[in-house]
Amino acid sequence: MTEAEGGKVIESLRMRLHALNDLALTLKHVHWNVVGPHFIAVHEMLDPQVEAVRSMVDATAERIATLGGSPTGTPGALAAERTWEDYSVGRAQAIEHLGALDVVYSGIIEDHRAAVAATEGTDPVTQDLLIEHLRSLELFQWFVRAHLESAGGKLSTGTADGESAAGRAAVDQARRQP
């Protein structure tokens, strides 16, 4: 790998580091702010996800350092450099948070997949790391979606655009069910 290629990989990993740090914090936020009849199921489902994502954060930071970069995990750097909005749902019903988390997971998975594609041919070690992350991230999204799906596989969030809209759509759909 050339120095220029390594620099591109480090930059890609830096944004993945920010996204994963943000996800860990968001999952903990949901863990603390979920209410309603499905509280305990969602509350307990999230702790293992938080721990796994924190492990991804550590592995990503260590890969950056291995490539000669300097991983930055400060809240200020994350907030200044991220390209997405802050999670917007506060204290809310479990289904609302799950609808919003589905959107969050979709964004992270999409960006991870782009990073996998960008490392193809230049850095198979980083690509392998990101693919391993995707295995868990997609599994966690499946756990979230299991609460949002009908038996026919239709998501209660429909075509909602954005986490708040998805959360509201999930709540609206839950209210319509007998």
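The values are calculated or read from the model by the stated rules, or taken from the named source; none is laboratory data. Since this is a predicted model, take the numbers as computed values, not measurements. Please note: Cβ atoms are built from the backbone with ideal geometry, for glycine as well, and neighbour counts cover all protein chains shown. Calculation scope for accessible area: heavy atoms of the full protein, side chains included, ligands and nucleic acids excluded. Shrake-Rupley method; radii C 1.70, N 1.55, O 1.52, S 1.80 Å.
Helical content of the chain, expressed as a calculated mean residue ellipticity at 222 nm, amounts to -25000 deg cm²/dmol (DSSP H runs of 4 or more residues, -39,500 (n - 2.57) each, divided by residue number, nearest 500). Only one residue of Leu23, Ala117, Ala79 has its Cα farthest out toward the positive end of the dipole of segment 23-121, where Lys and Arg carry +1 and Asp and Glu -1 on Cβ, and that residue is Ala79.
Over all other residues within a Cβ to Cβ distance under 9 Å of Pro71, the charged ones net out to +1, with Lys and Arg as +1 and Asp and Glu as -1.
The charge dipole of segment 1-78, taken about its Cα centre with unit charges on the Cβ of Lys, Arg, Asp and Glu (plus for the first two, minus for the last two), comes to roughly 120 debye.
If you take all other residues with their beta carbon under 10 Å from the beta carbon of Trp84, and give Lys and Arg +1 and Asp and Glu -1, the sum is -4.
Sites listed here are GluC sites (Glu not before Pro) in segment 53-100 whose DSSP assignment is loop and whose Cβ has at most 14 other Cβ atoms within 10 Å: Glu85. Candidates Val53, Ala100, Gly68 compared by Cα position along the dipole of the chain: farthest toward the positive end lies Ala100, with charges placed on Cβ. For the set Ser156, Ser70, Ser55, solvent exposure ranked by accessible area (probe 1.4 Å, protein chains only) runs largest to smallest as Ser70, Ser55, Ser156.
Counting only protein heavy atoms and using a 1.4 Å probe, the accessible area of Met56 comes to about 10 Å². Computed from point charges on the beta carbon alone (+1 for Lys and Arg, -1 for Asp and Glu), the dipole magnitude for segment 67-178 about its Cα centre is near 540 Debye. Entry comment: accessible area of the chain is 53 Å² per residue, from protein heavy atoms only and a probe of 1.4 Å.
The calculated FRET efficiency for the pair Ala41 and Thr122, based on their C-beta separation and a Förster distance of 45 Å, comes to about 0.60. The apolar share of the surface of the chain, taken as the fraction of accessible area on carbon and sulfur atoms (1.4 Å probe, ligands and nucleic acids excluded), comes to 53 percent. Size check on the chain: the Cα extents along the three principal axes, sorted descending, read 60, 33, 25 Å. Legend: Rg and Dmax of segment 90-176, from Cα coordinates, 15.1, 50 Å. Only Cα pairs under 8 Å and 6+ residues apart enter the sum, and on that basis the relative contact order of the chain stands at 26 percent. Segment Ala114..Ala79, full-extension length gain: 10.5 nm, with 0.36 nm per residue of separation and the alpha-carbon distance subtracted. The trypsin sites (Lys or Arg not before Pro) of segment 143-178 that DSSP puts in a loop, and whose beta carbon has at most 15 other beta carbons within 10 Å, are Lys154.
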